[in-house]
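The values are calculated or read from the model by the stated rules, or taken from the named source; none is laboratory data. A quick note: this is a predicted structure, and the numbers were derived from the prediction, not measured. Using ideal geometry, Cβ is built from the backbone for each residue, glycine included, and neighbour counts are taken over all protein chains shown.
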Amino acid sequence: MHFRRIFLVSLFFASLGLAACGSDAPEGGGSCSTDNDCQLGTVCSASNACVSASCDFCTVSQVCYKASPSDEGSCSKPECSGDSDCAKGFCNKGLCEAGGSGDCTKNEDCKKGEKCDITDKCVPDTKACTTDMDCSNGKTCVEDQCVGGCEDNTDCADTEYCAASGSCETGCQDNASCEAMGHVCTEGKCACDATSCPEGKACLATGNCGDPTNCDQVVCPDDQVCNSVDFSCIPKCSADSCNANEACNVATGICEITNCPGEDPTQCDPNSARPAWDPIKCFCAECLQDSECNMAAGEVCTNGGKCFACEKACDGSAGSCGGATPYCISECCVSCVSANDCMGGELCIDGACSPPPNCMADPTVCPAGTSCDANGQCTTVGGGSQCDPNDPMSCPAPGFCDPQSGTCENPFGGGDCGLCGPMVNNVCSCPGGNTCSTDLIPICGCDFLASPECPNGASCVPILNICL
C-alpha cells in the first residue's frame, strides 16, 4: 500500500510536467521554484512550471481560487493574509471576499456581526443574534438578525397593540377604537370602566356594562349613596329622613338601627371636647366622620369618636413597627392593643395608654341611658337590677338583659362590665387571663394565637385582638 501511494503521487506530479510541455511558456510567464512565483489560480509543478491544478489536490498551504463565481476553481497560493491585501472586502482564510469595510448589497456580503446599511457599507450590527434569547421586546432571531417585536404601538399595525411581552397582538391602541361600543381601551381590549356605563348600570368583571350585583360596583354622586337592597343610588340620609327606630349615620349616609331612639341630638355641649352626638353609638363624640378632623394633618375619626393622626405607618410585615409602638393596627403603629400593655389603672384607648375617662371631669363621656356616679364612672340606669331575659323592654334603653345573670347591663360601657365578663372583686373579668379594656365600651382583650377565649359567645378578632 505504501509503494502504491508513492506511485500515485509521482504519477500526479508527472502529469503536471506533461501539461507544461504542451505549452510554449509556463503559465504565469516563466519557470518557478515556489507557488509564490506563479499567478493566482496556478501552482508551481515538480518540473518548476506554473500549472493549473484541480482543487481536489490542494495542499494545506494552498487555497481554492475562483476567478469568477461560476469558475470551478483551481489550486493557488493564498490571495491574502489580511484585509489590507484586498482591494475591497475582507480576507477570509486566504481569499478576498466582498463585505467588511467594502461595498455590499445584502447582509450576507458582510462579516458575521455586521450588516449592510443603507449606504451599502458593512457596519457593526448591534442587534445580531444566534438564538431568540439574544433578542428583546418579543423579537425573534432570523438569519442572525432580530426581527419583529415592538417597543410601542407605532411598531404595530393599526389593528394591533404592543403588548407587555414586547410583541404585536391583535387589539385596540387607544380609546378612539372603542368609542362605538361606549368603552375604553385597556391593555389592548375594549372594556368598560366606572365612568363609561350608562346610569343604572355597572362595569362588571366581564368588561361589559350590566346590572350591578353589589355596591362595590356602583359609583354614586357625592350627595348620594348606594342602596344595598337594589344597588341604586339614593340621597344620603338626614336627621329627619330615618324611621323611628333608626338614626342617620353621617359617615355612611345610611339610616341604621339605633339603641337610643328619641334622644336629644343637641344634648352635647358644643364647647366641650365631645360636641357631636353620635345617634348610632349613643354618646357625645369629638367627631362622626373624617371630614370633621384635621385631614391635612393626617387625622381620621376613630370608632371611638376621636380624631387621631397616625405618627408611623406600617404594612403589617415583620419589623415594620417597634420600640414604643410595636403593634401594627389599621396600617398604623400603636403602643397598645389592650390594657395588658398599659400600667396599672390605665386603659388602651385608640392605641395609646391613658387613664380611664372620668365623667365628673367630662360628663359628655357617658353614653345615653347611663349616668355619672360618685366615683366618676358611667353607670347604667337600672344597671344590675333584675330583669326578664325574654322581655326586651325589661331594661331601660340602651341596656339589655344579660341572660346569664338576669340583670340589666349596658352594651356601651360605663361602671358595669359591658361586653366583658362578670365583675369579680370589683374588676370586670375576661377568660384566659385577658384584661377588660375600654375607651367607652368595656371589651375583653384576647390573643388570637395564644389565648383566644372570649365571654358571652364572642369571638377573638385577629390583629385587633379584641372580643366581638
Discussion item. Restricting to region 188-223, count the residues that are of a type in the set (D, E, K, R) and out of contact with any strand residue (DSSP E or B) (no Cβ under 8 Å at 6 or more places or on another chain).
Written reply: 4
Practice prompt. Among the residues of region 330-356, write down those that are in contact with a Gly (Cβ under 8 Å, 6 or more places away or on another chain) and within 19 Å of Cys430 (Cβ to Cβ).
Written response: Cys336, Val337, Ser338, Ala339, Asn340, Cys348, Ile349, Pro356
Worksheet item: Could you say which residue among Asp216, Asp222, Asp230, Asp193 is within 29 Å of Glu151 (Cβ to Cβ) and either among the charged types (D, E, K, R) or part of a helix (DSSP H, G or I) (or both)?
Response: Asp193
Discussion item. Of the conditions (1) surrounded by fewer than 11 Cβ atoms within 10 Å (Cβ to Cβ); (2) closer than 28 Å to Cys104 by Cβ, Ser33 satisfies every one except a single condition; which number is it?
Written reply: (2)
Worksheet item: What is the number of the single condition among (1) out of contact with any strand residue (DSSP E or B) (no Cβ under 6 Å at 6 or more places or on another chain); (2) at pLDDT 85 or above that Gly344 does not meet?
Response: (2)
Item to complete: Please name all residue pairs, on different chains or six or more residues apart, with Cβ atoms under 8 Å, provided the first residue is in region 26-40 and is at pLDDT below 90 and the second residue is of a type in the set (Val, Ile, Thr) and part of a loop (DSSP other than H, G, I, E, B).
Response: Glu27/Thr42; Gly28/Thr42
Discussion item. Pull out all pairs, ordered by first then second residue, where Cβ-Cβ is under 9 Å, the residues are six or more apart or on different chains, the first lies in region 308-334 and is closer than 22 Å to Ala296 by Cβ and in a loop (DSSP other than H, G, I, E, B), and the second is aliphatic (A, V, I, L, M) and modelled with pLDDT under 85.
Written reply: Cys314/Ile329; Ser330/Ile463; Ser330/Leu464
Discussion item. Can you tell me how many residues within region 55-93 are of a type outside the set (D, E, K, R), surrounded by fewer than 18 Cβ atoms within 10 Å (Cβ to Cβ) and more than 14 Å from Val43 (Cα to Cα)?
Written reply: 9
Practice prompt. Working carefully through the options Cys282, Cys332, Cys366, find the one that is among the hydrophobic types (A, V, I, L, M, F, W, C) and either at pLDDT 85 or above or surrounded by fewer than 19 Cβ atoms within 10 Å (Cβ to Cβ) (or both).
Written response: Cys332
Worksheet entry | Residues satisfying the stated conditions in region 129-142, i.e. surrounded by 11 or more Cβ atoms within 10 Å (Cβ to Cβ) and part of a helix (DSSP H, G or I) | Asp132, Asp134
Worksheet item: Which of the residues spanning region 196-207 are surrounded by 16 or more Cβ atoms within 10 Å (Cβ to Cβ) and part of a loop (DSSP other than H, G, I, E, B)?
Response: Ser196, Cys197, Lys201, Leu204
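For (1) at negative phi; (2) surrounded by fewer than 17 Cβ atoms within 10 Å (Cβ to Cβ); (3) modelled with pLDDT under 80, each residue gets a yes or a no:
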site	(1), (2), (3)
Ala157	yes, yes, no
Cys172	yes, no, no
Cys178	yes, no, no
Cys192	yes, no, no
Pro212	yes, no, no
Phe231	no, no, no
Asn249	yes, no, no
Thr258	yes, no, yes
Worksheet item: From the residues in region 143-155 that are loosely packed, with under 15 Cβ neighbours inside 10 Å and among the acidic types (Asp, Glu), which one is nearest to Cys220 (Cα to Cα)?
Response: Asp152
Worksheet item: Can you tell me which residues in region 238-257 are farther than 18 Å from Cys287 by Cβ, part of a loop (DSSP other than H, G, I, E, B) and not aliphatic (A, V, I, L, M)?
Response: Ser238, Asp240, Ser241, Cys242, Asn243, Asn245
Discussion item. Can you find, within region 113-128, the residue that is modelled with the highest pLDDT among those that are in a loop (DSSP other than H, G, I, E, B), out of contact with any Pro (no Cβ under 9 Å at 6 or more places or on another chain) and surrounded by 11 or more Cβ atoms within 10 Å (Cβ to Cβ)?
Written reply: Asp117
Worksheet item: Across region 42-65, what is the total count of residues that are part of a loop (DSSP other than H, G, I, E, B) and not hydroxyl-bearing (Ser, Thr, Tyr)?
Response: 6
